[in-house]
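The values are calculated or read from the model by the stated rules, or taken from the named source; none is laboratory data. Not measured: the values here are computed from a predicted model. Cβ placement follows ideal geometry from the backbone for every residue including glycine, while neighbour counts extend to all protein chains displayed.
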Amino acid sequence: MSMTLPPHPDTVSDRDRDFPAPEGEGTLLLVTAVRLRKGSNGLQLDDQTCAGLCRWAERFGRIVYAGILLEEGDKEQTSTNWVDVDTLPCASRLKFIALPMAYRLGAFARTYRATRRLLADEIRQADHLCFTIGYVTGDWAAIAALEAIAQQRRYAVWLDRVEHEVLGNVVHALPAKAQFKERATLLVMERYHSYIIRRSSLALLQGMDTFNAYARFSSNPACVYDVHTSREDFATEQDIEAKLAAIRNGEPLRIVYVGRADEMKGPMDWLDVIGSAIRMGVPLKATWIGDGPLLPAMRAHAGKTGIADHVTLAGHVGDRRRILSEMCQAHIFLFCHKTPESPRCLIEALVSACPIVGYASNYPAGLIMEDGGGRLSPMNAVTRLAEALADLNSNREELARLVKAAAKTGRRFDEEKLYRHRAELIAAHV
């Protein structure tokens, strides 16, 4: 069952008086696969998406936001920082639609007609449409796009990773029954997504991996970035100078990573790079912040390879200020991403004046193309990446230069400026 939640006028009107008037007019309909859940006081949404909705509300008169409702007892996103949506400062301008979880074919078939009717009604009423597509069965954003095509409406698509490649890289690790389903999904996914992109009036493609994969299908592609960092988050000159002094004084390298411990993030490669660098004589302390299914295996692997004393596996950290502080103090943000995605953690590292060092792909290369701030090694080349750490340890002035370059690059990623740019694209083309 889908469910809509209008704003509660008695609880939001006083707060909304302090929220700025929108720069533009009209209703923006956003259909996504982001999870909503029922809390004790109504619907809840993760804190970063809530921050993004407030940015959208600065640009449009009204926002209708559709996400997928977590089923009762679902343990997904246990580390999410949930926020009651009716406490947002722009709540009177927001409407939430909770769509059914329907990734199984049977659930999709049972809920398809009612959900499409609901989406059709919202599409008719909205002035601007933006759909975040990413799957096949149960992807309501894609169904919304099909409905917009049927209504002859202009719409934008948003893609933040190359989904068919992401799925293709992990399908081998799934149980046999799930493998069969996902291999069947892969047969149609790229064609399905390209059909939807070709008929859009705007394709918002996050990062260069996604842009390079999908731009050819769009008559109007734009490389964009989805960030939640503001000018207040930028590393200060005092922070940078303290980091440079530590690097030049020969302190052990402080290495950090922030993200889920799952296969696509390459956590075992990350540990092996650390281990290889230690054996090369690099003094270091490394911290992985984030939970996930492979965290127990990471702990076992660190112990087995004898690097446990050098590595902290911190698990989930909900305090965003603490995470940014960790990156601000770290000398290197080490990553071993295996799939073409667009993780925000790399941007947050650059904002924190922390050079990104890891496996090469178009996304990180695009981030540092203009002003620098990182060093990239071939995909899956554990030894080469460890050698890069050893080289930066030996050449501290080069590492200091990368810190300064990272800080300069990070200044580009101001949430307010980037949301304004996306809103202007949507207003102009959708």
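Data for the structure
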item	result
Scope the range 97-134; condition basic (Lys, Arg) and either in contact with a Lys or Arg (Cβ under 8 Å, 6 or more places away or on another chain) or assigned to a helix (DSSP H, G or I) (or both); matching residues	ARG110, ARG113, ARG116, ARG117, ARG124
When residues of the range 201-217 are limited to those that are within 22 Å of ILE347 (Cα to Cα) and not in a helix (DSSP H, G or I), the one modelled with the lowest pLDDT	GLN206
Lone unmet requirement of (1) more than 24 Å from the chain's Cα centre (by Cα); (2) at pLDDT below 90 for GLN77	(1)
Hits in the range 31-49 - residues which are part of a helix (DSSP H, G or I) and either touching a Leu at 6+ places or on another chain (Cβ under 6 Å) or of a type in the set (Asp, Glu) (or both)	ASP47
Subset tally (residues that are assigned to a helix (DSSP H, G or I) and more than 18 Å from VAL227 (Cβ to Cβ)) for the range 366-403	21
Matching option when the condition is under 23 Å from the mean Cα position of the chain (by Cα), aliphatic (A, V, I, L, M) and in the same structural domain as GLU23 (by TED's automatic domain parsing), among LEU129, LEU105	LEU129
Selection count, the range 416-430, where residues are in contact with a His (Cβ under 6 Å, 6 or more places away or on another chain) and either on the phi > 0 side of the Ramachandran plot or in a helix (DSSP H, G or I) (or both)	1
Selection status of ALA423, outside the structural domain of ILE247 (by TED's automatic domain parsing), in contact with a Gly (Cβ under 9 Å, 6 or more places away or on another chain), more than 19 Å from ARG260 (Cβ to Cβ) and crowded, with 17+ Cβ neighbours inside 10 Å	yes
Residue ID - farthest from the chain's Cα centre (by Cα), chosen from residues in the range 251-264 that are at pLDDT 95 or above and outside any loop (DSSP other than H, G, I, E, B)	LEU253
Residue in the range 80-89 that is farther than 25 Å from SER200 by Cα, of a type in the set (Val, Ile, Thr) and assigned to a loop (DSSP other than H, G, I, E, B) present	yes
Residue match in the range 384-391 (condition: under 19 Å from the mean Cα position of the chain (by Cα) and of a type in the set (D, E, K, R))	no
Residue that is buried (at least 19 other Cβ atoms within 10 Å of the Cβ), outside the structural domain of ALA173 (by TED's automatic domain parsing) and touching a Pro at 6+ places or on another chain (Cβ under 7 Å), where the choices are SER342, SER352, SER361	SER361
Pick from the range 222-237, criterion surrounded by fewer than 20 Cβ atoms within 10 Å (Cβ to Cβ) and of a type in the set (Gly, Ala, Ser), ranking: modelled with the lowest pLDDT	SER230
Test: ARG154 is of a type in the set (Lys, Arg) and assigned to a helix (DSSP H, G or I)	no
Number of positions in the range 323-365 that are in a helix (DSSP H, G or I) and under 19 Å from ARG254 (Cβ atoms)	13
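Residue by residue, here is whether (1) among the acidic types (Asp, Glu); (2) more than 28 Å from ASN380 (Cα to Cα); (3) buried (at least 20 other Cβ atoms within 10 Å of the Cβ) holds:
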{"site": "ASN220", "(1), (2), (3)": "no, yes, no"}
{"site": "ASP239", "(1), (2), (3)": "yes, yes, no"}
{"site": "ALA246", "(1), (2), (3)": "no, yes, no"}
{"site": "ILE255", "(1), (2), (3)": "no, no, yes"}
{"site": "LYS265", "(1), (2), (3)": "no, no, yes"}
{"site": "ASP272", "(1), (2), (3)": "yes, no, no"}
{"site": "ARG279", "(1), (2), (3)": "no, no, no"}
{"site": "PRO293", "(1), (2), (3)": "no, no, no"}
{"site": "GLY306", "(1), (2), (3)": "no, no, no"}
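Per-residue answers, yes or no, for (1) in contact (Cβ under 8 Å) with a residue 40 or more places away in the chain; (2) surrounded by fewer than 23 Cβ atoms within 10 Å (Cβ to Cβ); (3) out of contact with any Gly (no Cβ under 8 Å at 6 or more places or on another chain):
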position: ALA144; (1), (2), (3): yes, no, yes
position: GLU163; (1), (2), (3): no, no, no
position: GLY168; (1), (2), (3): no, yes, yes
position: VAL171; (1), (2), (3): no, yes, yes
position: PRO175; (1), (2), (3): no, yes, yes
position: PHE180; (1), (2), (3): no, yes, yes
